[in-house]
Amino acid sequence: MNTKNLTRRAFIMKLGALAGAIASGVTAQGAFAANARAGRLTGANLSGGTDNLTFSLQLDEPVDFKVFTLDAPDRVVIDLINTSMAGKLKQGAHDRAPLKGIRYAAREDGRLRVVLDMQEQVSAKGSMKASGSGNTLSVTMKPTGKGSTGSANKPEPRKKPAGKQSPTKSSSGSEKPVTSEPSRGKFIVVIDPGHGGKDPGAIGPSGTREKDVVLQVARKLKSRIDKEKGMQAILTRDSDKFIPLRDRMDLAHKHKADLFISVHADANPSSRVSGSSVYILSENGASSEAARLLAESENSYEVRFGNRSLSNTSSKVASILLDLSQNAMMDRSLNLAKGVLGELTKVNNPLRRRVESARFVVLRSPDIPSMLVETAFISNPTEEKRLRTADYQQKLASAMFQGVKRYQLAYADEGRMNT
């Protein structure tokens, strides 16, 4: 994907991001260097006390870096440019005030991101110095005295009992999803079980309906995400009802979702075809004939029952696809999809070992990384039988969660690109 030709709007967005970084106290040593020196992180340690805590990272080269703080919740972010992990860094909870936790993740662009979760607001300053045969990046943190901005100490809004919620109607007369408000400060994942209601989706040789099995998988994925600290999942539907495709997208925007995942079970005229597939939005068309046919199938109910005609939105979709914000989200969607496909490979043999692309309506959000997961081929008798079991559904949900969690560790602190 070519994102070199920036639009005026993209330039303004990048300029705004830079201004925000400066305002938040970024320390960037050669952050815009064209050829950043490659290095390896070999170790780290903590020193100092509550009023002046130093986190030191040992590197074999004096790499470029960025250090900045974020709030709600409070944390210090360290980006090591063009750096890989060579040693071990203890992740998890740390009882060293004001530090309360350390986590890290390798990024697709070669950065190694280390996040320090703090108990309160701190100022942070980084400096790189030669140390013996290596180099040490010292990040000094001092409490600002302004307390905590974290949402952990704030009461979460009470959820309405599911039995007392009344469905609302969309302009097409179909039911719209009714969900509880997400907790502020959490990483929100909107999960979209495909089809539903008058749209059964694909039907297996033994009569298994796609709309039923994907709802079960989606519920299990939601349950796993909701158990993870700092994450929350929202279903576009939690019962057998039809939701127009664009209403599913609207729900994700309403809740300011960090991710959108549409869950399906594929079908093929040949009962021998099997395996999982992961799709993202195509910029120029389907990546294969199978992807094109699948997109036509998934989008068809939008044409027949949706509240808008696809033919009337083509110009709007084209303008969105040309927008850099869409390109940026497609890049993130690809990173997400690669991680999920890698995890699904451990559950079954994928149909293809690459992420595919097609013009799915539900993936067209310009500001939310989105993917569509074809969990298995319901047209394959063996996979149909597996899809009906809770154990296999859980394996699929767990695989998707692992990919989502890896993405969350890498991108949560940057948030979504606002349009």
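Starting from residues that are of a type in the set (Ser, Thr, Tyr) and open to solvent by 10 Å² or more (accessible area, probe 1.4 Å), keep the ones in region 344-386 and report whichever is farthest from Gly204 (Cα to Cα).
Ser357
Condition test on Tyr301, is it at pLDDT 70 or above and of a type outside the set (S, T, N, Q)?
So Tyr301 fails the test.
Can we say Lys211 is open to solvent by 30 Å² or more (accessible area, probe 1.4 Å) and either more than 18 Å from Gly194 (Cα to Cα) or outside any loop (DSSP other than H, G, I, E, B) (or both)?
It is false that Lys211 is open to solvent by 30 Å² or more (accessible area, probe 1.4 Å) and either more than 18 Å from Gly194 (Cα to Cα) or outside any loop (DSSP other than H, G, I, E, B) (or both).
Collect the residues in region 220-269 that are of a type in the set (A, V, I, L, M, F, W, C), assigned to a loop (DSSP other than H, G, I, E, B) and in contact with a Ser or Thr (Cβ under 6 Å, 6 or more places away or on another chain), keeping them in residue-number order.
Phe242, Ile243, Ala267
If we only count strands (runs of 3 or more DSSP E) wholly inside region 67-144, which ones have 1 or more residues that are without any contact (Cβ under 8 Å) to a residue 24 or more places away in the chain?
Answer list for region 67-144: 92-96, 99-106, 122-131.
Could you please give the count of residues in region 235-262 that are among the acidic types (Asp, Glu) and modelled with pLDDT of 90 or more?
Of the residues in region 235-262, 3 are among the acidic types (Asp, Glu) and modelled with pLDDT of 90 or more.
Which members of region 365-380 meet the condition of being in contact with a Ser or Thr (Cβ under 8 Å, 6 or more places away or on another chain) and either in a loop (DSSP other than H, G, I, E, B) or over 19 Å from Ala397 (Cβ atoms) (or both)?
Hits for region 365-380 are Pro366, Asp367, Pro369, Ile378, Ser379, Asn380.
Using beta carbons and a limit of 6 Å, which pairs, at least six apart or on different chains, have the first residue in region 378-403 and in contact (Cβ under 8 Å) with a residue 12 or more places away in the chain and polar (S, T, N, Q) and the second one surrounded by fewer than 19 Cβ atoms within 10 Å (Cβ to Cβ) and outside any helix (DSSP H, G or I)?
That search, which allows pairs on different chains as well, returns Ser379/Asn268; Ser379/Ser271; Asn380/Ser271.
Can you tell me which residue among Arg354, Arg364 is of a type in the set (Lys, Arg) and either closer than 19 Å to Gly194 by Cα or modelled with pLDDT under 85 (or both)?
Among Arg354, Arg364, only Arg364 is of a type in the set (Lys, Arg) and either closer than 19 Å to Gly194 by Cα or modelled with pLDDT under 85 (or both).
Taking the options Ala97, Ala124, name whichever one is among the hydrophobic types (A, V, I, L, M, F, W, C) and modelled with pLDDT under 90.
Result: Ala97 is the single residue among Ala97, Ala124 that is among the hydrophobic types (A, V, I, L, M, F, W, C) and modelled with pLDDT under 90.
The values are calculated or read from the model by the stated rules, or taken from the named source; none is laboratory data. All figures in this text were calculated on a predicted structure; none of them were measured in a lab. Because the Cβ atoms are built from the backbone with ideal geometry, glycine has one as well, and the counts that use them run over all protein chains shown. Just the protein is used for accessible areas: all its heavy atoms, side chains included, with ligands, DNA and RNA removed. Shrake-Rupley method; radii C 1.70, N 1.55, O 1.52, S 1.80 Å.
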